[in-house]
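Taking it in order: structure first as structure tokens, then the write-up.
The values are calculated or read from the model by the stated rules, or taken from the named source; none is laboratory data. Everything quoted here is computed from the prediction, not taken from an experiment. For neighbour counting, all protein chains shown are included, and Cβ atoms are generated from backbone atoms with ideal geometry for every residue, glycine included. The protein model used for the area step is the full one, side chains on, heavy atoms only, and it has no ligands, DNA or RNA in it. Shrake-Rupley method; radii C 1.70, N 1.55, O 1.52, S 1.80 Å.
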Amino acid sequence: MSSALHITNYEDVNSWETLMFLYNAALKEVGTKIDILNEEFQHIHRYNPIEHVKSRIKTPESIVKKLRKNGYDSNIENMVKYVNDIAGIRIICSFTSDIYRIADMIAKQTDLKILSLKDYIKNPKESGYQSYHMIVTVPIFLSDGVVETKVEIQIRTIAQDFWASLEHKIYYKFEGNAPDYISSELQECAKIASQLDRRMLSLNEAIQKCSTGYENE
């Protein structure tokens with residue numbers, strides 16, 4: 001890689017190494033923003049809405065598989081254009097109310113551009129999957145230009161993440177063709193996870209009211 005990348009937009013990206021450089025830089029930029037927002041929220045409200053954050057770059061095999069599944073040739077142009085989750089950040093929080101709070105804070109970052117929002121909490125997938133998805137672009141400032149780079153942000157509760165992790169392992173094992181009884185059981189487990197989230201949120205709100213009452217005595 002030369003000292004200057006000479007990139008002004010994605011049309012100039014002509015190698016896998018350059019593409020990965022950009023996506024890794026985008027993960028660092030968005031990750032730093034999330035850390036700062038979390039620390040600021042904790043400083044102001046004495047409350048930490050984020051349990052932990054995971055980040056990853058999609059493997060070449062996974063990218064190629066996704067392109068082929070959707071009928072596209074495996075090349076750099078199609079990777080950039082059609083695969084929105086090459087760079088991914090997952091934010092795990094305690095309560096469903098935190099999901100929308102965090103999403104709102106991210107959306108207010110003026111240098112992030114929101115390309116799409118998908119609320120799988122209010123509208124779960126048929127499988128039972130629940131999460132809040134944001135596709136954003138973040139400007140990567142290089143020595144001779146700026147490249148708007150896509151990052152997928154997933155925000156979910158601990159219960160939702162636990163369910164999604166198990167679902168992924170199960171469907172990977174069956175290569176996406178799990179028996180009907182397993183799919184049905186997963187849907188039931190998703191409902192249980194959702195009930196747990198609602199009860200934990202209600203419990204937390206009750207605790208907050210009690211704490212406020214003690215402080216006012």
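The table for this structure:
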item: Helical contribution to [θ] at 222 nm, DSSP H n ≥ 4, -39,500 (n - 2.57), averaged over the chain, rounded to 500; result: -17500 deg cm²/dmol
item: When each of Lys33/Lys191; Lys69/Lys169; Lys69/Lys191; Lys118/Lys209; Lys28/Lys81 is checked by Cα-Cα distance, pairs over 27 Å; result: Lys33/Lys191; Lys69/Lys191; Lys118/Lys209
item: In order through region 183-192: 3J(HN,Hα) via Karplus (6.51 cos²θ - 1.76 cosθ + 1.60), integer Hz, x for Gly, Pro; result: 4, 5, 5, 5, 4, 5, 5, 5, 5, 5
item: Dipole of the chain [Lys/Arg +1, Asp/Glu -1 at C-beta], most positive-end residue of Gln160, Gly88, Ile36; result: Gln160
item: Rounded to whole Å, sorted largest first: equivalent-ellipsoid semi-axes of region 10-160, Cα gyration tensor; result: 27, 20, 12
item: Rounded to the nearest 10 Å², the accessible area of Val64 at probe 1.4 Å; result: 40
item: Trypsin sites (Lys or Arg not before Pro), loop per DSSP, at most 11 other Cβ atoms within 10 Å - longest free stretch of the chain; result: 123-217
item: Solvent-accessible heavy-atom area per residue, rounded to whole Å², over region 10-160 at 1.4 Å; result: 53
item: Label zone at Tyr100, where the point sits 7 Å out along the Cα-to-Cβ direction: region 160-196 residues whose backbone N lies under 18 Å; result: 160, 194-196
item: Amide H partners (placed H, <5 Å) of Cys93, local residues excluded; result: Glu51, Arg156, Thr157, Ile158
item: Amide H contacts of Ser55 (H built 1.01 Å from N, under 5 Å, at least 5 apart or other chain); result: Arg90
item: Residue-level accessible surface for Trp16, protein heavy atoms, 1.4 Å, Å²; result: 70
item: Residue (of Thr110, Val151, Tyr120) at the positive-pole extreme of region 107-165, dipole from beta-carbon charges; result: Tyr120
